[in-house]
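Single-structure report; data block below.
Nothing in this text is a laboratory measurement; each read-out follows from the coordinates by a stated rule. This structure is a prediction, so every number in the text was calculated from the model and none was measured. Backbone-built Cβ (ideal geometry, glycine too); neighbour counts: all protein chains shown.
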Amino acid sequence: MTRHIGSTPTTADFEALAHAAFARIPEPFAEHLDGITVHVQEFADAETLAAVGLQDPFQLTGLYHGRPMSEESVWSSGQFPPRITPYRQPLLAEWRATGVQLDDLVTHVVIHEVGHHFGLSDEEMHALEQGGP
């Protein structure tokens, strides 16, 4: 979705962009994404921000909720399925401030959070994005 003058992208628009990002994830990774859900929210709540060490809700554009695959066990039960939460207002603010296409921003957040599903840390993902080991 490109920058345009007009209506602000809705929650449904964000959900569609997130699902499109999932559809572009190649095998063998895609086969491990069954059951992950997407729940777009306007902002992270105060408890979530505190849990990740942030105060400004505009600093958090997305979050993975769930147990990484590396920690899953047949003995784990009673947990909600993993989910990715893109935060609409921070993403809209970044979109407006940077001019980066909204679908690219949402895809970046989805891919980053999928990385957490595979057990990668933020540091490991930043290194991969920079082309490092």
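Using θ = phi - 60° and the Karplus form 6.51 cos²θ - 1.76 cosθ + 1.60, what ³J(HN,Hα) does each residue of the range 87-100 get, whole Hz, x for Gly and Pro?
Once θ is set to phi - 60°, the couplings for the range 87-100 become 9, 4, 5, x, 5, 4, 5, 5, 4, 5, 6, 9, x, 5 Hz.
Using a basic spin-label model with each label point 7 Å from the Cα along Cα→Cβ, how many nm lie between Val100 and Phe22?
Between Val100 and Phe22, the label points sit 2.2 nm apart.
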